[in-house]
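Below: one structure, written as structure tokens.
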Amino acid sequence: MCRIVTSLCIAMLGTSVLLATGVAQTASKSAPASAEPISGKQLYTSYCALCHGADGKGGGPFSAQLKTWPPDLTQLAKNNHGTFPEMRVTETVDGEFAKPAHGSSEMPIWGPVFRSMAHGHKDSSQVRIESLVKYLESIQEK
Ligand code: HEC
């Protein structure tokens, strides 16, 4: 009797291990799709255009709801003596280093959002922020 129960247990254990590895395999097979690089433009359209406008010049459909008009993102370099302020932009978007004084800003921070989308993989959230910043740099007006 005892032996039957034990072997049944072992059999069940075996099945669940098989099942678990099966699930793990399907998960790893679908992983490359989600790890594909996402273009900065795509990210911009999904997360930023609502306020900053499709062309970055401000005036997106949500602007009217804000107390602060979203700044024209194509003028960042011009307003910074012709140099694109990469660090400042990165920090603004990430928000990780936002000072308490900036707490009243209506600009949402995206670092935690992208980090949670990346399930805690800091690298891929950084890749998202980097490609966003690269995209913003590419739309600067001279
Ligand atoms: C809910 C509306 C909203 C969304 C969505 C939004 N922003 Fe903003 N953004 C603002 C506002 C408002 C400001 C001005 C904040 C202030 O001055 O306090 C701002 C400021 C900024 C600045 C600072 C500009 C400067 O002169 O330093 C950058 C850069 C920026 N946003 C980039 C982005 C990017 C990139 C995204 C998408 C990931 C985004 N924003 C999404 C509303 C938004």
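Read-outs throughout are calculated quantities, based only on the coordinates presented, and are distinct from any laboratory measurement. The structure displayed is predicted, hence computed values, not measured ones. For neighbour counting, all protein chains shown are included, and Cβ atoms are generated from backbone atoms with ideal geometry for every residue, glycine included.
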Which of Asp123, Asp55, Asp94, Asp72 has the fewest other C-beta atoms within 10 Å, and how do the rest follow up to the most?
Asp123, Asp55, Asp72, Asp94
Based only on other Cβ atoms within 10 Å, what is the fewest-to-most ordering of Phe62, Phe114, Phe84?
Phe62, Phe84, Phe114
D for the stretch 38-138, whole µm²/s, Stokes-Einstein with Kirkwood Rh over alpha-carbon pairs at 37 °C and 0.692 mPa s: what number?
235 µm²/s
Kindly list the residues of the stretch 52-94 that lie in the label zone of Glu137, defined by a backbone N under 11 Å from the point 7 Å along the Cα-to-C-beta vector.
84-87, 90
Ranking of Leu132, Leu50, Leu43 by count of other Cβ atoms within 10 Å, fewest first:
Leu50, Leu43, Leu132
For the stretch 58-74, in residue order, the Karplus 3J(HN,Hα) values (coefficients 6.51, -1.76, 1.60; θ = phi - 60°; whole Hz; Gly and Pro = x) are x, x, x, x, 8, 3, 4, 7, 9, 6, 9, 5, x, x, 5, 7, 8
